[in-house]
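Notes follow the structure.
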Amino acid sequence: MSESKAFISGCKGLVITDEEKAFFAGERPWGFILFGRNIGDAAQISDLVASLRDSIGDPDAPVLIDQEGGRVQRIRPPIVASYPNGAAIGELYRRDPEKGLRAAWLMSRLHAFDLMRFGITVDCLPVLDVPVEGSHDVIGNRAYGYDPKAVAAIGKAAAEGLKAGGMLPIMKHMPGHGRAFADSHHNLPVVDVSLDALTASDFLPFVAMKDEAMAMSAHVVYSAIDPSNPATTSEKVVREIIRGHIGFDGLLMSDDVSMNALAGDIETRARGIIDAGLDMVLHCHGIMEEMLAVARVAPVLSGDRLRRATAARAAFNSPDASDEAALREEFGGMLAIS
């Protein structure tokens, strides 16, 4: 793993091309991520995951996916069940906290049953963002609710369910995307509230879960901290808030470097991410020209980046002995799946 570079890569289609295979073998990304365009049928997913790992000669390379439930669920029926969104878990928690936490754990444990069959080992979950009234629905019903303590409790249960299934979670979007009034896929959100307000709400779920192995940054400007740069490219936000106030010392990756909240070309964006002190550049789109640009900038893992990447790899555990059918029946009695 010491030869890996500090980036995570997607690929273009249902199988990796010869060009992609040569790129991965030469540039050695630390891991891979799948999107809806990469999903055909069950056998194809398994074959693609295996071929991605084969391309870098690492049978245990992390393979990521966004499998939240609701509108962000890359693998869908008939391959796997359709799961509810985070807001549904949050509403159940508000009615019955014990049942809500159990549902969060169950849904993640079921995600692990689904995903581990294909060799996918990392789920970009939980969403720890705390929305405010009127904020953009890019987070919206993906969030567990408006109470940061409830979000933290549900997020912890969701993370534990993944880990019980042999997977690792990725907290997102650190240090908080919930107040954003713009979609960072297209525009740069600017949050203008005070540091005290952020500390009292947005940061709390991340503080509560600071010991998790991995997190994803937010493409959001917090003007009270760094009015010039979004968290993803802000050395000040990373040093003072994420590593400092929150106390997170796990593997910190960017949200997708292709998202237009970030300024400049892909190489400039990737350099900004590395210079800010993040551990990994995440590139999702499978566009070779952009992949080459990221690889030019991403360093070989060393120092703290290597330490955190090694710790993340070491955090994987074997799945527990849960009865899948029994858990599905239990979860179906709480929330509808199809």
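A few notes on this one:
- Restricting the search to helices (runs of 4 or more DSSP H) fully inside the range 243-338 and requiring at least 3 residues that are in contact (Cβ under 8 Å) with a residue 24 or more places away in the chain and touching a His at 6+ places or on another chain (Cβ under 7 Å) gives 288-297.
- If the condition is being surrounded by 14 or more Cβ atoms within 10 Å (Cβ to Cβ), out of contact with any Lys or Arg (no Cβ under 8 Å at 6 or more places or on another chain) and among the acidic types (Asp, Glu), then the range 276-321 contributes only GLU290.
- When ALA22, ALA50, ALA81, ALA104 are screened for being of a type in the set (A, V, I, L, M) and surrounded by fewer than 14 Cβ atoms within 10 Å (Cβ to Cβ), only ALA22 passes.
- If you filter the range 214-242 down to residues that are of a type outside the set (Asp, Glu), out of contact with any Leu (no Cβ under 7 Å at 6 or more places or on another chain) and assigned to a loop (DSSP other than H, G, I, E, B), you find that the one that is farthest from ASP202 (Cα to Cα) is SER228.
- Verdict on PRO169 being crowded, with 23+ Cβ neighbours inside 10 Å, of a type outside the set (A, V, I, L, M) and free of Cβ contacts under 8 Å to residues at least 60 places away in the same chain: no
Laboratory data are not the source of any read-out in this text; all were calculated from the coordinates shown. All values reported here derive from a predicted model rather than from experimental measurement. Every residue, glycine among them, receives a Cβ derived from its backbone with ideal geometry; neighbour counts consider all protein chains shown.
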